[in-house]
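The values are calculated or read from the model by the stated rules, or taken from the named source; none is laboratory data. Being a predicted model, the structure only gives us computed values, none of them experimental. Backbone-built Cβ (ideal geometry, glycine too); neighbour counts: all protein chains shown. Note: areas computed on protein heavy atoms with side chains; ligands, DNA, RNA excluded. Shrake-Rupley method; radii C 1.70, N 1.55, O 1.52, S 1.80 Å.
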Amino acid sequence: PNVTGVQTCALPICTPAGQPIGTQDQLWVVSAAGGQPACRTKGLPFKVGGALQMDMPARFLRTPRLFISHDDGTAYVQVQAGGNVAIYQVALVGNLEWSIVVDGEGAVFAMDYQKNALLYFQSTWFDPLQLYRMELTQNGANVPEENERVPQRLTDLNATLRASWDHPSVKALHFPSSDGTMVEGWLMTPATGEAPYPTILYIHGGPHSAFGNIFSFDFRLLASAGYAVLFINHRASTGYGDTFATQIKGDWGNLDYRDLMAGVDYAIALGLADTDRLGCCGLSGGGNLSCWIVGQTNRFKAAVPENPVTNWLSFYGVSDIGPWFAVEQLGGHPHEIPEIYARCSPITYAHRCKTPTLLIQGEHDWRCPAEQSEQFYTVLKVNGCPVEMLRLPGSPHAGTIEGAPAIRRAHNEALLDWMQRFV
């Protein structure tokens, strides 16, 4: 765009090289003629362009969209703060200024900007996706408060289906972790039954991602079956500042694990989760932590790790991102810090596992290839732990949350069956 006061430029959403992995992206202006990039969101403690981990086939929501006002002076972009995603307007020239334009209940994602109005999608815990329109003033800013206009809802998708669903509740949780750091999480409780509920700790992947107010078929599946679903934005999650998001570098399985256990203890102390009926599960980084948990404690009755990282040493050599991701996350190459690669690998502790574990593995996952699950399966099997593996033909890394319906259904049926058998 031709931004006022600036020659033709690029507007990247990025983090400069050299920052710790997990450092949250910001909005920058870079002149096409050269010169120093200028950060336009310096001081904003949240993730520009960020989203939330969901379970529905809407991958396009993960791609941040950037729109420029008609006078070229303002950018509109999604920003993830904790468990919500809002649309911000960011000044591209002059003083550093930003403010929320659209901050509805749930997660909102800009899709288009035309005629001084924003079109955006919105997702919540209870509704997968709807399209809205928000009118702006002539200069592209939000309508002043005294002339505030209610966003116009343009769709009512799946109305008949949604009307037939049950109505779980979601309780926000804020609790101190082992080092006193405050952690945010939520507990989705079923529409039927009484507390304390059998509870599934569902762990997000990334690990530099987050859960929050966005739709998840898995959560609704488990809640409809009578389980409470506990989901926590543990250390390394985005939306809580750079320190929080980068604090597990070279120390996977410490603060992140302690945050999760503190959340479980908190839900139990509230009388909502049944200490004798606990399960855990998660995809990718959530699979890693599920495998880590069952090597550290026997308090869970069942675990379903999906496409996990279990052995950092072999991950370094077989993953499509291994040679850089492992180094960024752990702090060096395997020959430089072998003790950290071993200490942070769930495989190191797998022989201690007594928890019935179902490994779900996509056979076309090049991010966390099948050998990661195979190693963990073998150690559990030879040490007498109840273990099974479900292999999903042709399924990539995120196939069970955005892939073919047959794959998604097979995963959901297996997840529910395993929890019902053991929790």
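Couple of notes before you dig in:
- Residue match in segment 232-254 (condition: surrounded by 23 or more Cβ atoms within 10 Å (Cβ to Cβ) and acidic (Asp, Glu)): no
- Top-ranked residue of segment 379-423 - restricted to ones that are at pLDDT 95 or above and of a type in the set (Asp, Glu), ranked as nearest to Ala350 (Cα to Cα): Glu388
Residues checked against (1) under 24 Å from Asn116 (Cα atoms); (2) surrounded by fewer than 20 Cβ atoms within 10 Å (Cβ to Cβ):
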site	(1), (2)
Thr41	yes, no
Met54	no, no
Asp71	yes, yes
Ala81	no, no
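- Test: residue in segment 301-323 that is open to solvent by less than 40 Å² (accessible area, probe 1.4 Å), among the acidic types (Asp, Glu) and either closer than 21 Å to Pro198 by Cβ or in a loop (DSSP other than H, G, I, E, B) (or both): yes
- When Ser395 is tested against (1) assigned to a helix (DSSP H, G or I); (2) open to solvent by less than 50 Å² (accessible area, probe 1.4 Å), only condition (1) is not met.
- Residue satisfying all of: in segment 251-279; under 11 Å from Pro198 (Cα atoms) and not in a helix (DSSP H, G or I); nearest to the chain's Cα centre (by Cα) among these: Gly279
- Screening Gly322 on (1) in contact with a helix residue (DSSP H, G or I) (Cβ under 8 Å, 6 or more places away or on another chain); (2) in contact (Cβ under 8 Å) with a residue 24 or more places away in the chain shows it passes everything except condition (2).
- Strands (runs of 3 or more DSSP E) enclosed by segment 1-110 - at least 1 residues per element that are at pLDDT below 90: 26-31
- Scanning segment 364-391 for residues that are open to solvent by 40 Å² or more (accessible area, probe 1.4 Å) and more than 21 Å from Ala302 (Cα to Cα) yields His364, Trp366, Arg367, Glu371.
- Residue within segment 259-273 that is open to solvent by less than 10 Å² (accessible area, probe 1.4 Å), among the charged types (D, E, K, R) and more than 25 Å from His364 (Cα to Cα) present: yes
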